[in-house]
């Protein structure tokens, strides 16, 4: 991993990593050797981290976690030691493992040589073929209070102690390099050298992003900015978009009311349409500014992907608002 470079992060603080971070990974049905009961199949994946403390997956053998086994796990966690465990099942998020009386989970993003951003069928097949295999793992998150044991095959390949050193070196505002390990609906996971960080989808670009795959590819090496570090949970929040200036901060210097701009329609809603005039800078064409006369819906005037020329009505950089008009272009004789 490259040397870290310090830089002041944006004044706008990032949203904390909530339990949706893991809940999105730990959901959607379970599949285990020998099968599961209907009650176990229903599971409690979506209640991960909730006050109930329900463990996020069941097993056919009614294992009851013991204090002794949690103590052994804590020693391995504190010592950054590897453990060899068998994969006993899987769900859409990754593999299930047993360690004595404990149940653990290995997210797909933490598996070595696991394909990134594949369809559900391929993902299922890739996970299913690993059931029964012995995995060399290292604990990356442990909480006896909430019965949570998260392990990683990737972390087990890093020398003991390196993950702690990397984490201690990371500071908000640092610029560093990483490798894309997983792309999900909610963001991208980046390997920073034994520690995995998350770029939430809102931190990928100043512009609109449909899915992280639109910008990134698995295995790609990228530069990122560190937004926050949680040493206790070993979680790191990252940003890609903050490597570039926020276009709204200088919008009032670069554009003026009455100016004619070109753009592309990005979204059509009941009250109007949004048009992108540069990356990260979208303006609203209110329904009253789309066209003269009566029309049932803005889609009768414009569609997503349409290239347009528009008149700037107003600019509010602080409020991140830009008012545009197509109707006034028509009134001025512009038929483009």
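The values are calculated or read from the model by the stated rules, or taken from the named source; none is laboratory data. Note that the structure is predicted; figures quoted are calculated from it, not measured. All Cβ positions, glycine included, derive from the backbone under ideal geometry; neighbour counts span all protein chains shown.
Could you check segment 89-178 for strands (runs of 3 or more DSSP E) lying wholly inside it with 3 or more residues that are without any contact (Cβ under 8 Å) to a residue 40 or more places away in the chain and in contact with a helix residue (DSSP H, G or I) (Cβ under 7 Å, 6 or more places away or on another chain)?
Because the criterion is at least 3 residues that are without any contact (Cβ under 8 Å) to a residue 40 or more places away in the chain and in contact with a helix residue (DSSP H, G or I) (Cβ under 7 Å, 6 or more places away or on another chain), no strands (runs of 3 or more DSSP E) in segment 89-178 meet it.
For segment 220-231, indicate whether the set of residues that are under 30 Å from residue 151 (Cβ atoms) and either outside the structural domain of residue 186 (by TED's automatic domain parsing) or part of a loop (DSSP other than H, G, I, E, B) (or both) is non-empty. Don't jump to the end; show me each part of the working.
Within segment 220-231, the subset under 30 Å from residue 151 (Cβ atoms) is 220-231.
Those still in the list that are either outside the structural domain of residue 186 (by TED's automatic domain parsing) or part of a loop (DSSP other than H, G, I, E, B) (or both) too: 220, 231.
Scanning segment 220-231, I find at least one residue that is under 30 Å from residue 151 (Cβ atoms) and either outside the structural domain of residue 186 (by TED's automatic domain parsing) or part of a loop (DSSP other than H, G, I, E, B) (or both), so the answer is yes.
In this structure, does residue 236 turn out to be more than 27 Å from residue 305 (Cα to Cα) and not assigned by TED's automatic domain parsing to the domain that holds residue 107?
Yes, satisfied.
For segment 273-284, does any single residue satisfy the condition of being surrounded by 14 or more Cβ atoms within 10 Å (Cβ to Cβ), outside the structural domain of residue 182 (by TED's automatic domain parsing) and under 25 Å from residue 189 (Cα atoms)? Before you say what the answer is, go through the steps one by one.
Just the residues of segment 273-284 that are surrounded by 14 or more Cβ atoms within 10 Å (Cβ to Cβ), to begin with: 273-278, 280-284.
After this cut, where a residue has to be outside the structural domain of residue 182 (by TED's automatic domain parsing) as well, the list is 273-278, 280-284.
Subset that is under 25 Å from residue 189 (Cα atoms): 280.
Among the residues of segment 273-284, at least one is surrounded by 14 or more Cβ atoms within 10 Å (Cβ to Cβ), outside the structural domain of residue 182 (by TED's automatic domain parsing) and under 25 Å from residue 189 (Cα atoms), which makes the answer yes.
Condition (residue is more than 25 Å from residue 246 (Cα to Cα) and in contact (Cβ under 8 Å) with a residue 40 or more places away in the chain) applied to segment 321-329: is it met by at least one residue?
Among the residues of segment 321-329, at least one is more than 25 Å from residue 246 (Cα to Cα) and in contact (Cβ under 8 Å) with a residue 40 or more places away in the chain, which makes the answer yes.
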